[in-house]
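The values are calculated or read from the model by the stated rules, or taken from the named source; none is laboratory data. Here the structure is a predicted model, which means the values were calculated and not measured. In this analysis, Cβ positions are derived from the backbone assuming ideal geometry, glycine residues included, and neighbour counts consider all displayed protein chains. Accessible surface areas use protein heavy atoms only, side chains included; no ligands, DNA or RNA. Shrake-Rupley method; radii C 1.70, N 1.55, O 1.52, S 1.80 Å.
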Amino acid sequence: MRKSTRVLVTGAGGFIGHHLIEYLKKQGYWVRGVDIKRSEFAPTSADEFELLDLRRWENCLRATEGVEEVYALAADMGGMGFISAHHSQILHNNALINIHTLDAARENGVKRYLYTSSACIYPEYLQTDANVTPLKEEDAYPAQPQDAYGWEKLITERLCVHYSEDYGIETRIVRFHNIFGPLGTWDGGREKAPAALCRKVAIAKLTGTTEIEIWGDGEQSRSFCYIDDCITGIYRLMQSDYRDPLNLGQDRLITINQLADIVAEIAGLRITRKHVAGPQGVRGRNSDNTRLRQVLNWEPEISLEEGLSRTYAWIEEQVRAQCATTSVSEVAIV
Ligand code: NAD
């Protein structure tokens, strides 16, 4: 593809979309960003930013008009707290967004379409042990995702495969494993574990407390991938000729307790963990990166400690800024 190619990024006001647009602009692309909300934490670098509800077909037609490539990131989503409590809303909204965006892209003659799926598509029965076997792409079937969020992602993966076969649109499918970094949601209920733990530790530091709430026993395990690696991986996949779903994540498995300890060490705080009831998702999940390495000749390289240091610094800044306008106890309640 020529660098002057016109591309659309949906979900442009969100975490990954915002970073992706910055990257694409540096590569020389002309970028249209679309979202139902503006970028929350920093101005967008998009050439054009349109506020559109992509559940509606006519808005998707407008969004995909005149572009050659689409990076489809828009989704109604959040961390486990949100995903486990909004099944109907998530399935309804994301199905509409994805069916309409892909079909509008076909209608407008888009050449390449990258869909952002999730590790949440993997079957629950393979993720019952914290010491889980890393998940290979072919483990997706027989299907049994834990939540509606994962079921919808799986259906849209199938939609991409069939649109590619039936209509010739080049589709790419990436399955993210827990992406984190600065400029991501860190409070309000949609935040994910790394951001939530950074916020809790920052609040503890500012309030002079040491107790951090952890959902469940904290022995549930995951792998976490820093945003810059995620963006490099997305871009490499889009340039590749690989049409099947591909994992994109780190393959270093750690528990939520260990994650909390790393964040606390970065903050220079000794914490005591208070285990409370809360949604935990599957017991263990890790990415098998064999195919990622083969297909992209690359794999994520930024360490968890390095990524968390950058993320913690940004979230502590956000918490401090909020404390300047609100009392610390109110920030702590949010
Ligand atoms: P995000 O919530 O920050 O971004 C998603 C964006 O989609 C939001 O800005 C939201 O406003 C927008 N959106 C929601 N409904 C919309 C609508 N009706 N019309 C237009 N825009 C709408 O999430 P993110 O972390 O940047 O995730 C990007 C994509 O990657 C999503 O598809 C998500 O499911 C997928 N994903 C992310 C992760 C992760 O760890 N962050 C993991 C797996 C998959």
Which count do you get for residues in region 108-136 that are open to solvent by 10 Å² or more (accessible area, probe 1.4 Å), farther than 30 Å from R62 by Cβ and in contact with a helix residue (DSSP H, G or I) (Cβ under 8 Å, 6 or more places away or on another chain)? 4
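Looking at L197, L248, L253 in this structure, which one is crowded, with 20+ Cβ neighbours inside 10 Å, touching a Gly at 6+ places or on another chain (Cβ under 9 Å) and modelled with pLDDT of 95 or more? Write out each step before concluding.
Numbers: L197 fails: touching a Gly at 6+ places or on another chain (Cβ under 9 Å); L253 fails: crowded, with 20+ Cβ neighbours inside 10 Å.
The match here is L248.
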Given E165, E137, which one is away from the ligand (no atom under 12 Å from the Cβ), of a type in the set (D, E) and touching a residue at least 60 places away in the same chain (Cβ under 8 Å)? E137
Filtering region 192-244 down to residues that are among the small types (G, A, S) and closer than 24 Å to C160 by Cα yields G233, S240
Take the residues in region 285-309 that are under 25 Å from Q220 (Cβ atoms) and among the hydrophobic types (A, V, I, L, M, F, W, C); name whichever of them is surrounded by the fewest Cβ atoms within 10 Å (Cβ to Cβ). I302
Has region 7-27 got any residue that is among the small types (G, A, S), in contact (Cβ under 8 Å) with a residue 12 or more places away in the chain and more than 30 Å from L197 (Cβ to Cβ)? no
May I ask you to verify whether Y149 is in the same structural domain as M80 (by TED's automatic domain parsing), buried (at least 16 other Cβ atoms within 10 Å of the Cβ) and under 30 Å from E219 (Cβ atoms)? yes
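Could you run through region 20-63 and say how many residues are assigned to a strand (DSSP E or B) and within 11 Å of the ligand (Cβ to nearest atom)? Steps first, answer last, please.
Pass one, region 20-63, residues assigned to a strand (DSSP E or B): 30-35, 48-51.
Right, trim to within 11 Å of the ligand (Cβ to nearest atom) and you get 33-35, 50-51.
Summing the residues that are assigned to a strand (DSSP E or B) and within 11 Å of the ligand (Cβ to nearest atom) in region 20-63 gives 5.
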When region 263-308 is examined, which residues are found to be charged (D, E, K, R) and within 22 Å of L197 (Cα to Cα)? E265, R270, R273, K274, R283, R285, E305, E306
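Can you find even one residue in region 209-224 that is over 23 Å from D76 (Cα atoms), of a type in the set (V, I, T), assigned to a helix (DSSP H, G or I) and open to solvent by 10 Å² or more (accessible area, probe 1.4 Å)?
We begin by selecting, within region 209-224, every residue over 23 Å from D76 (Cα atoms); these are 209-214, 216-221.
Next, only the ones that are of a type in the set (V, I, T) stay: 209-210, 212, 214.
Subset that is assigned to a helix (DSSP H, G or I): none.
Scanning region 209-224 turns up no residue that is over 23 Å from D76 (Cα atoms), of a type in the set (V, I, T), assigned to a helix (DSSP H, G or I) and open to solvent by 10 Å² or more (accessible area, probe 1.4 Å).
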Among residues of region 2-14 being touching a strand residue (DSSP E or B) at 6+ places or on another chain (Cβ under 7 Å) and more than 16 Å from the ligand (Cβ to nearest atom), the residue most open to solvent (accessible area, probe 1.4 Å) is R6
Within region 231-239, is there a residue that is closer than 22 Å to H18 by Cα, in a loop (DSSP other than H, G, I, E, B), at pLDDT 95 or above and within 15 Å of the ligand (Cβ to nearest atom)? no
Here are some residues: A193, A202. Which one is within 14 Å of the ligand (Cβ to nearest atom) and of a type in the set (A, V, I, L, M, F, W, C)? A193
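Picking from G17, G66, G78, which residue would you name as being within 13 Å of the ligand (Cβ to nearest atom) and touching a strand residue (DSSP E or B) at 6+ places or on another chain (Cβ under 7 Å)? Explain how you work it out, then say what you get.
Numbers: G66 fails: within 13 Å of the ligand (Cβ to nearest atom); G78 fails: touching a strand residue (DSSP E or B) at 6+ places or on another chain (Cβ under 7 Å).
G17 is the lone residue from the list that is within 13 Å of the ligand (Cβ to nearest atom) and touching a strand residue (DSSP E or B) at 6+ places or on another chain (Cβ under 7 Å).
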Please indicate, with yes or no, whether at least one residue in region 107-117 is without any contact (Cβ under 8 Å) to a residue 24 or more places away in the chain and within 16 Å of the ligand (Cβ to nearest atom). no
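From the list D103, D76, which one is in a helix (DSSP H, G or I) and among the charged types (D, E, K, R)? Before the answer, list the steps.
On the way: D76 fails: in a helix (DSSP H, G or I).
Just one listed residue meets the conditions, D103.
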